[in-house]
Amino acid sequence: MDEEERDLPVRDWLPRAAALLVGTLALATAFIAAYVGALHQPTPRDLPVGVVLGDQRAQAVMAAVRARTDKIKPIEYDDAEAADDGLTAREVYAVLSSGPDNGLRLTTASAASPAAAEVVTQVFGQAARQANLPFQVGDEVPVERTDPRGLVPFYLAVGYVLGGYLASTALGLSTGTAPVRLPRAGLRVAALAVYAVVLGVVGATIVGPVLDVWHHDVPAVAAVGALAVLAAAMVAAAIQAWLGLLGTGIVILLLVVLGNPGSGGIYAPEFLPGWLRGMHRWNVTGLTTDLIKSAVYFDRRSTGWALTGLAVWALAGILGLVTATIFRAHRRAVRAARVRPTLSGGPHADG
């Protein structure tokens, strides 16, 4: 095969080679633009901070902060218990309340984003000093000391997603991007599901017992990883089954070029430019990062959409692969039916 391809005339292989190089150039350009554009100057805006409606001192300071900067977005709660629930459910990065000695207290959840917690603390610390108010800071959900910048959830998510679409691509290269029959499609889904479980366990073991980053929730991380790998693999399999080689480029664009910076990466989504800010709520990498944080640090209420989103991607990928298999099998059957009468001496045989 290699010898035959090298011996082809230039006019035969040049258009295909040129198209592949142009496509690769476009992906590389998009990669540079997305990463540099999203992360070169992270500027926090509208970081959600909870405040209780009846807390006049905290409300007054919040209003003063909002008048000076757009870094903070107040989220109002009816009472202190609701505000605390909002913090542990990852609705807000911190809660501002009245503190002892007629001062202020800021309760953060640095595990959601150390960078966001740091900015919120700086903003309200400055406001308290200007108002000459005592200021206390407490961290309700601290990040692990072994991961002080909170980077591990993102990098683990990238590894899971990368492993998922690489597995799908490898199967596509070895057996064809589209299964020839439904049983083969089922076998591919099963193979990728087994692979997803194995990689989920491997990833959780590396960040847990091996590197000793997290000392708990290894089974939960493994389950999140398995779902993430399966979602990425099935999305890739479906797109590649419908579009072939072009599909691989689209998968890279969605899962890597846009997926990684759009997830927020090492920053909270509120640090990203507006066109990327909400992307973490629907792309696989962003959903995986959020779900890993929820599994390790927060309660089950914070898993809602991230868990649902990954499950939807996995099911949509399976459906896409199955429908592509049916469509291609039907098209092959139609072609065979058209050729069969001619080969058997049908109406066109006498011509």
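Every read-out reported here was derived from the displayed coordinates using simple, explicitly stated rules and does not represent laboratory data. None of these values were measured; they are calculated from a predicted model. Note that each Cβ is placed from the backbone with ideal geometry, even for glycine, and that neighbours are counted across all protein chains shown.
Neighbour counts of other C-beta atoms within 10 Å: give me Ser97, Ser263 arranged from fewest to most.
The order, fewest Cβ neighbours first, is Ser97, Ser263.
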* Estimated 222 nm signal from helices in the chain, with DSSP H stretches of n ≥ 4 weighted -39500 (n - 2.57), rounded to 500 -> -21000 deg cm²/dmol
* Asked: Under a point-charge model restricted to the Cβ atoms of Lys and Arg (+1) and Asp and Glu (-1), what is the dipole moment magnitude of segment 192-351 relative to its Cα centre, in debye to the nearest 20?
  -> 720
* Structure fact -> For the chain, the helices passing both cut-offs (Cα extent along own axis of 27 Å or more, Kyte-Doolittle mean at least -1.0, full DSSP H runs) are 10-39, 152-175, 182-205, 218-243, 304-343
* Give, in nm to one decimal, the length gained when the segment between Leu319 and Arg184 is fully stretched (0.36 nm per residue of separation minus the Cα-Cα distance). => 47.2 nm
* Given [x] 20.3; [y] 21.3; [z] 23.0 as candidate values of Kirkwood radius over Cα pairs in Å, which corresponds to the one derived from the coordinates? -> [z]
* Asked: In percent, how large is the relative contact order of segment 47-139, given Cα pairs closer than 8 Å and 6 or more residues apart?
  -> 29
* Rounded, prolate or oblate: which fits segment 197-351 when a ≥ b ≥ c are the square roots of the eigenvalues of the alpha-carbon gyration tensor, with rounded for a/c under 1.5 and prolate only if a/b beats b/c? -> prolate
* Compute log10 of I(q)/I(0) for segment 47-139 with the Debye formula, placing one identical point scatterer on every Cα and leaving out solvent, at q = 0.14, 0.17, 0.20, 0.21 Å⁻¹, to two decimals. => -0.40, -0.61, -0.87, -0.97
* Work out the length of the dipole vector of segment 47-139 about its Cα centre, built from +1 on the beta-carbon of each Lys and Arg and -1 on the beta-carbon of each Asp and Glu, and round it to the nearest 20 debye. => 520
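Based on the Cβ-Cβ distance of Asp139 and Arg301, what FRET efficiency does E = 1/(1 + (r/R0)^6) give at R0 = 22 Å, to the nearest 0.05?
0.65
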* Using label points projected 7 Å from each Cα along Cα→Cβ, tell me how many nm separate Asp79 and Ile326, to one decimal. => 5.2
* Go ahead and set up a Gaussian network model of the chain, Cα springs under 10 Å, then flag whichever of Pro100, Pro153, Pro15 fluctuates most. => Pro15
* Go through segment 172-222 and name the trypsin sites (Lys or Arg not before Pro) that are in a DSSP coil and have 16 or fewer other Cβ atoms within 10 Å of their Cβ. => Arg181
* Dipole magnitude of the chain about its Cα centre, charges +1 at Lys/Arg Cβ and -1 at Asp/Glu Cβ only, in debye to the nearest 20? -> 1300
* Determine the relative contact order of segment 121-235: mean sequence separation of Cα pairs under 8 Å and six or more apart, normalised by residue count, in whole percent. => 32
* Report the residues of segment 302-322 in range of a label on Arg281: point 7 Å along Cα→C-beta, backbone N strictly under 20 Å from it. => 302-314
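Please arrange Val189, Val218 by counting, for each residue, the other beta carbons lying within 10 Å of its beta carbon, fewest first.
Val218, Val189
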* To do: Neighbouring Cβ atoms within 10 Å as the yardstick, rank Lys293, Lys73 fewest first.
  => Lys73, Lys293
